[in-house]
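Below is one structure, written out as structure tokens, with a few remarks after it.
Coordinate-derived values only; no laboratory data. Predicted, not measured: the structure shown is a model, and the values here were computed from it. Positions of Cβ are generated from backbone atoms using ideal geometry, with glycine treated the same way; all protein chains shown enter the neighbour counts.
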Amino acid sequence: MATSNRDDSPSPPTSSFSSPSQQQPLPPSARLEEILNSDDRFEELSDSENDLYEDMGTATLEEQANITYLDKIRIPIQDSLKTETSETQDETLQIVLPFLEGNPNNFPLNIFGIPQLQKEKHVAFLKQSLGDYPGAFAMLDASRPWMVYWSLQGLSSMGYDLSEYRDRVIHTFSLIQHPSGGYGGGFGQLPHLAATYAAVLSIVMAGGTSAYESIDRKNMWHFLGQMKQPSGGFTMAAAGEEDIRGAYCALVVLSLLHIPLELPPDAPARAHGITTFTDKLGSWISACQSFDGGMSAAPGNEAHGAYAFCALGCLSIIGSPKRTLNDHLDLPALIHWLSARQCSPEGGYNGRTNKLVDGCYSHWVGGCWSIVEAAASSSNIWNRTALSRYILAAAQFKKGGLIDKPGKRPDAYHTCYNLAGLSAAQHVYSYEDTMLEELGGSELDAPYYWKVEGLYEGDKVWEESDELEQVHPIFVVPFRAVHECRRYFEDMRRLDFGQERE
């Protein structure tokens, strides 16, 4: 969506946080004893030519269990051809694997021998991310809505009460709401769908009548109408690029704010026979599926993990995933492509073929699986355990915040999406197709039939203190915020749009 697969992503300035009191590591659990049979235990890492690491000395029981696990999931056949990318991958593994095998950050360990989620440190980091920035960060001025969204969503996923930010959210976004509708990145900037998406989600999380009323829905309707294209897709801004991000951002705003499905009279697409926001959209998304099964930004482009989530989210707003994904996509090919994004032995995801693991794809790819499972009427088709290991062991920065991979600096972007991916791994969601059919439904209300089945109880590697709040699989904000917002605007719709539509 915003930045992805970037190694030079700017990060908020860090400072010394008030660290939580350091606990002594928990004693080895019975689970670890079972994993390691006495006959198979070893004291030192192998230094054979096939291994990437030098002898690290005596391994603890937890380290032995981690190494045993990683050996089981390591790809057994390696291509002997050396390329620039394969060498970069080998170098990356040398950096990442010590965090998966051991505990270089000296975090307290949970009962599974995995670093605990450092919630207090991450909360402190995100709260600082909502503060002032020095002059060197002026280049990020147009990203203000994103920084607010990433920080608020990260905080909410850890159960932090956002009410203290409500007035600041309302004030901030009132200043950058454009007179013609939508939101710009900062004061005086032209409206853009990415900024509008982040602004609306931030307001939805802030919640309350004053926050909702700060949105000019009628002008938003007109702004979104300007973005709708004759092809069926959306541009990100006036005369801007047309890609799948625009479609997803527009549909999220249309659905949450309960904006009429009909295009406004001044929408340019009307001259081409387009009368609603969803006309030709499904077929346009179909054309975005690439030859290898993934989803690209626009027809003919390379497949990318973030675009896959945007495509699936967009189709799941149009209708139930079981219908829309199967109608418009080659689902088996998509499942194959998404599965190939999980790296071995790291357990995290990359965003494109032949790229490195990156913590942000914990959401952009990991967040696709709930939607895919609803469409495929299947469950447990992805490896939640491996992803969770990567996030807890390798994506937590020592002083707070989460990261792309070890060696990188934390930022609100990677913190938000690592946490969203971990939440997706911890919770099981299902879609109530039957209820949608029985109630008949109204415009773009398909996302409101998701249900939380409970916590995943399979081969998990997190304990209760590591658990996160539920995150809506389509909107990526808390469930309660989603339903309170939609309910409010359902009551307001006729008042705002009735006269003009008549």
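The peptide list 60-66, 343-349, put in order of mean Cβ contacts within 10 Å with the highest first, becomes 343-349, 60-66.
Using alpha carbons only, how many angstrom separate the centre of the range 388-464 from the centre of the range 269-327? That distance is 22 Å.
The phi torsions of the range 467-473, fed into the Karplus equation with coefficients 6.51, -1.76 and 1.60 and a -60° offset, translate into couplings of 6, 10, 6, 5, 10, 4, x Hz, rounded to whole numbers, with Gly and Pro shown as x.
Potential lengthening of the chain between E463 and D161 amounts to 106.5 nm, from the contour at 0.36 nm per residue minus the alpha-carbon distance.
Taking every C-alpha pair closer than 8 Å and separated by at least 6 residues, the mean separation divided by the residue count of the chain gives a relative contact order of 17 percent.
Let me make sure I get this right: for the range 89-171, a, b and c are the square roots of the gyration tensor eigenvalues over alpha carbons, sorted descending. Under 1.5 in a/c it's rounded, otherwise prolate if a/b > b/c, else oblate. Which is it? Cα axes put the range 89-171 in the oblate bin.
In this Cβ point-charge picture (+1 for Lys and Arg, -1 for Asp and Glu), the range 87-501 has a dipole of about 580 debye about its Cα centre. For the chain, the residue among V372, F277, S316 whose Cα projects farthest onto the positive side of the dipole built from Cβ charges is F277. The 3J(HN,Hα) values that the Karplus relation (6.51, -1.76, 1.60; θ = phi - 60°) gives for the range 376-392 are, in residue order, 8, 6, 9, 9, 6, 9, 9, 8, 5, 5, 4, 4, 4, 4, 4, 5, 6 Hz. Gly and Pro appear as x.
If you wrap the Cα atoms of the range 119-165 in a convex hull and average its projected area over all directions, you get 3.4 nm².
For the chain, the calculated P(r), taken from all Cα-Cα distances in 10 Å bins from zero up to the bin holding the longest distance, is 4, 19, 30, 26, 14, 6, 2, 0 percent. A Förster distance of 25 Å, applied to the separation of the beta-carbon atoms of D330 and N354, puts the FRET efficiency at 0.70. Derived scalar couplings between HN and Hα for the range 164-170 equal 5, 9, 4, 5, 5, 4, 4 Hz in order, rounded to whole Hz, by the Karplus curve 6.51 cos²θ - 1.76 cosθ + 1.60 (θ = phi - 60°), x for Gly and Pro.
Site pair E453 and T68 shows an inter-label distance of 2.9 nm when each label is modelled 7 Å from Cα along Cα→Cβ. Neighbours of F397 by Cβ distance under 14 Å: Lys/Arg scored +1, Asp/Glu scored -1, total +4. In this structure, the amide hydrogen of L109, modeled 1.01 Å from its nitrogen in the peptide plane, lies closer than 5 angstrom to those of L26, Q116, counting only residues at least 5 positions away or on a different chain.
Neighbours of E242, meaning other residues whose beta-carbon lies under 14 angstrom from its beta-carbon, give a summed charge of +1 when Lys and Arg score +1 and Asp and Glu score -1. Here the range 127-163 and the range 248-266 have alpha carbon centers that stand 26 Å from each other. Computed extension gain for S379 through D491, at 0.36 nm per residue and net of the alpha carbon distance, reaches 36.7 nm. For the pair S339 and N301, a Förster radius of 22 Å applied to the C-beta separation gives a FRET efficiency near 0.55, rounded to the nearest 0.05. Other residues lying with their Cβ under 10 Å from the Cβ of A297 contribute a combined charge of -3, Lys and Arg counting +1, Asp and Glu -1.
For the range 87-501, the residue among S344, Q128, Q229 whose Cα projects farthest onto the positive side of the dipole built from Cβ charges is Q128.
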